[in-house]
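Engineer: Would you mind keeping the following structure in view while I ask a few things?
The values are calculated or read from the model by the stated rules, or taken from the named source; none is laboratory data. Predicted model, so just to flag it, every value in this text is computed and none were measured. For neighbour counting, all protein chains shown are included, and Cβ atoms are generated from backbone atoms with ideal geometry for every residue, glycine included.
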């Protein structure tokens, strides 16, 4: 017996070391209950009578249930929480009691009660064993449980898959730590999960002994849904950007932060990764540096988009891209940036140019028809009389000069008629090398008289071309004639024929003349514009018209002092 008492006292002293309060043990003796041990805050005061702590009902309830019994009671002006624990290692039934003064807690509870009750967040208070002591109306509204349904029961809002980590969390909080605003899920009464932000902490008495644990739950379902909607919206926007056929660039501080696949392709790159981090001015045509800098400055200072305008970009291979651009400031990756949308309009510009030239050609054709009609009839009469005058006049030299100029007038009227009068065309499969050789037979004779050496580099194994033979002869003859006339002191004309790419053959005429300036080259092919002193520009205009009808193109490359090269591209039959 004495040994059992010693064990009980040692057990009580251990508890007393952990908790400041009243520790006591009691048992039944005869027909009443007596203390077997008493220690704690009232040791130096008058010992509180045992019957004020417990009753026979409490004693036998703890013994019969063989588990802890907890309740609150008021003694004088103090309020206590009493825990009764049956001791299984004593010979006679004995109960150990642990009493904690919660007077200060009750005062605090009364002070914060309105705060808890009227709090918009769900609040729950549980004891150290996890049983519910209090919940506020917001808790009932959020989770669907009433206080009466869960009082003195574990909180039923923990999903089954979180019970173990929550149990560990409770132990952590009981040790004195706290957790603030961590996000998780809790379960509604009907079973659906609610996204919540949780803050939990332990409530202590004036001696820092833990009394209970408080939970504050904030329903963040709406915020989570908004975040999900935002992510989905961002994903949809990114998908639209990624799949957009329009080129899109985002840049900041002069560096490219983002470019979509269409943008990378437009600039000549296989992947957007090849462009990221590059200087944005690397792709801007030098003529537009100042324009782009001014636009960027305006967007940064005014935070407004700039109007649609045309610019020129530089392709990876060096050629110029005509583009329409629009730009506006945006936040990107936590910083201010500029988003640029641009559309390659190079082909559209070419088409517009062709339409303008076609309109000019139509106008010139109508004008030419009228002029040719008015000139040819009197020209015929004049030439007839000049022939008679030649035979009777004593000044044959002057008559010959007049006839020469009349021939030139007739030649111009013929060119007028070739523009004005639609000609029947018969397109056939032809070997372009044969057409070129036949044209050069006559041209070479002219070249000999002009001290021109003709150098030919003709590939004989080439595919057929669908063409109108006489029209191509007219083009080749005209281009060759221009090359010869560019070298009045003689020189070499190099003529090449070969495969240009997977779709076209090229007929290339290169001379050693003085060359043409870039400014004048822009006007080649326009009516009445010529680099020759007595030229009309109609011959080259007719050449452009013929090659365009053959779905080909004419390109000029020239450098002052080094001559001119003319490339005639013609699609071959596949």
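Yes or no, residue by residue, for (1) out of contact with any strand residue (DSSP E or B) (no Cβ under 7 Å at 6 or more places or on another chain); (2) farther than 24 Å from residue 238 by Cα:
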site: 269; (1), (2): yes, no
site: 284; (1), (2): no, yes
site: 287; (1), (2): no, yes
site: 290; (1), (2): yes, yes
site: 293; (1), (2): yes, yes
site: 301; (1), (2): yes, yes
site: 350; (1), (2): yes, yes
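Engineer: Considering only segment 215-241, how many residues are modelled with pLDDT under 85 and touching a strand residue (DSSP E or B) at 6+ places or on another chain (Cβ under 9 Å)?
Structural biologist: So the answer is 1.
Engineer: Answer yes or no: is there a residue in segment 9-19 that is assigned to a loop (DSSP other than H, G, I, E, B) and either more than 22 Å from residue 203 (Cα to Cα) or modelled with pLDDT under 75 (or both).
Structural biologist: The initial filter retains those residues of segment 9-19 that are assigned to a loop (DSSP other than H, G, I, E, B), namely 19.
Next, from what is left, pick out any that are either more than 22 Å from residue 203 (Cα to Cα) or modelled with pLDDT under 75 (or both): 19.
Looking through segment 9-19, at least one residue is assigned to a loop (DSSP other than H, G, I, E, B) and either more than 22 Å from residue 203 (Cα to Cα) or modelled with pLDDT under 75 (or both).
Engineer: For segment 32-106, which strands (runs of 3 or more DSSP E) that fit wholly inside it have 3 or more residues that are more than 19 Å from residue 152 (Cβ to Cβ), touching a helix residue (DSSP H, G or I) at 6+ places or on another chain (Cβ under 6 Å) and at pLDDT below 75? Quick ask: steps written out before the conclusion?
Structural biologist: Numbers: elements: 32-40, 69-75, 78-86, 94-101.
The strands (runs of 3 or more DSSP E) meeting that bar are 32-40.
Engineer: Suppose the filter is buried (at least 18 other Cβ atoms within 10 Å of the Cβ) and under 30 Å from residue 561 (Cβ atoms); does residue 465 pass it?
Structural biologist: Numbers: buried (at least 18 other Cβ atoms within 10 Å of the Cβ): yes; under 30 Å from residue 561 (Cβ atoms): no.
Against the criterion (buried (at least 18 other Cβ atoms within 10 Å of the Cβ) and under 30 Å from residue 561 (Cβ atoms)), residue 465 does not qualify.
Engineer: Can you spot a residue in segment 460-475 that is part of a strand (DSSP E or B), more than 20 Å from residue 546 (Cβ to Cβ) and touching a strand residue (DSSP E or B) at 6+ places or on another chain (Cβ under 7 Å)?
Structural biologist: Looking only at segment 460-475, we keep the residues that are part of a strand (DSSP E or B), and these are 465-467.
In the following step, the residues that additionally are more than 20 Å from residue 546 (Cβ to Cβ) were identified as none.
Within segment 460-475, none of the residues are part of a strand (DSSP E or B), more than 20 Å from residue 546 (Cβ to Cβ) and touching a strand residue (DSSP E or B) at 6+ places or on another chain (Cβ under 7 Å).
Engineer: Now for a different question. Scan segment 171-183 and tell me whether some residue there is without any contact (Cβ under 8 Å) to a residue 24 or more places away in the chain and in contact with a helix residue (DSSP H, G or I) (Cβ under 9 Å, 6 or more places away or on another chain).
Structural biologist: Yes, there is a match, as at least one residue in segment 171-183 is without any contact (Cβ under 8 Å) to a residue 24 or more places away in the chain and in contact with a helix residue (DSSP H, G or I) (Cβ under 9 Å, 6 or more places away or on another chain).
Engineer: Restricting the first residue to segment 123-139 and requiring it to be farther than 13 Å from residue 150 by Cβ, which pairs with a second residue that is modelled with pLDDT of 90 or more and part of a helix (DSSP H, G or I) meet a Cβ separation below 8 Å and a spacing of at least six or different chains?
Structural biologist: 123/138; 123/139
Engineer: Please count how many residues of segment 110-131 are in a strand (DSSP E or B) and either at pLDDT 90 or above or within 48 Å of the chain's Cα centre (by Cα) (or both).
Structural biologist: Matching residues across segment 110-131 total 3.
Engineer: Restricting to segment 324-343, give me the number of residues that are crowded, with 16+ Cβ neighbours inside 10 Å and in contact (Cβ under 8 Å) with a residue 24 or more places away in the chain. Let's see the steps before the verdict.
Structural biologist: The first filter runs over segment 324-343 and keeps only residues crowded, with 16+ Cβ neighbours inside 10 Å, leaving 325, 327, 329, 337-343.
Pick out the ones that are also in contact (Cβ under 8 Å) with a residue 24 or more places away in the chain and you get 327, 329, 337-343.
Matching residues across segment 324-343 total 9.
Engineer: To continue, here is another question. Can you report the number of residues in segment 156-181 which are under 26 Å from residue 114 (Cα atoms), outside any helix (DSSP H, G or I) and touching a strand residue (DSSP E or B) at 6+ places or on another chain (Cβ under 6 Å)?
Structural biologist: 5
Engineer: Scan 352, 391, 400 and give me the residue that is at pLDDT 75 or above and either loosely packed, with under 15 Cβ neighbours inside 10 Å or over 51 Å from the mean Cα position of the chain (by Cα) (or both). First the steps, then the outcome.
Structural biologist: Working: 352 fails: at pLDDT 75 or above; 391 fails: at pLDDT 75 or above.
Step by step, each of 352, 391, 400 is checked, and only 400 is at pLDDT 75 or above and either loosely packed, with under 15 Cβ neighbours inside 10 Å or over 51 Å from the mean Cα position of the chain (by Cα) (or both).
Engineer: Can I ask one more? For residue 512, state whether it is farther than 28 Å from residue 571 by Cβ, assigned by TED's automatic domain parsing to the domain that holds residue 453 and modelled with pLDDT under 85. Can you show your working first?
Structural biologist: Numbers: farther than 28 Å from residue 571 by Cβ: yes; assigned by TED's automatic domain parsing to the domain that holds residue 453: yes; modelled with pLDDT under 85: no.
No: the conditions fail for residue 512.
Engineer: In segment 138-155, how many residues are surrounded by 15 or more Cβ atoms within 10 Å (Cβ to Cβ) and either out of contact with any strand residue (DSSP E or B) (no Cβ under 9 Å at 6 or more places or on another chain) or in a strand (DSSP E or B) (or both)?
Structural biologist: Taking segment 138-155 first, the residues surrounded by 15 or more Cβ atoms within 10 Å (Cβ to Cβ) are 138-140, 142-145, 147, 150, 155.
Applying the additional criterion that residues be either out of contact with any strand residue (DSSP E or B) (no Cβ under 9 Å at 6 or more places or on another chain) or in a strand (DSSP E or B) (or both) yields 144.
Of the residues in segment 138-155, 1 are surrounded by 15 or more Cβ atoms within 10 Å (Cβ to Cβ) and either out of contact with any strand residue (DSSP E or B) (no Cβ under 9 Å at 6 or more places or on another chain) or in a strand (DSSP E or B) (or both).
Engineer: Just one of the numbered conditions (1) out of contact with any helix residue (DSSP H, G or I) (no Cβ under 9 Å at 6 or more places or on another chain); (2) touching a residue at least 24 places away in the same chain (Cβ under 8 Å) is not true of residue 166; which one?
Structural biologist: So the condition that residue 166 fails would be (2).
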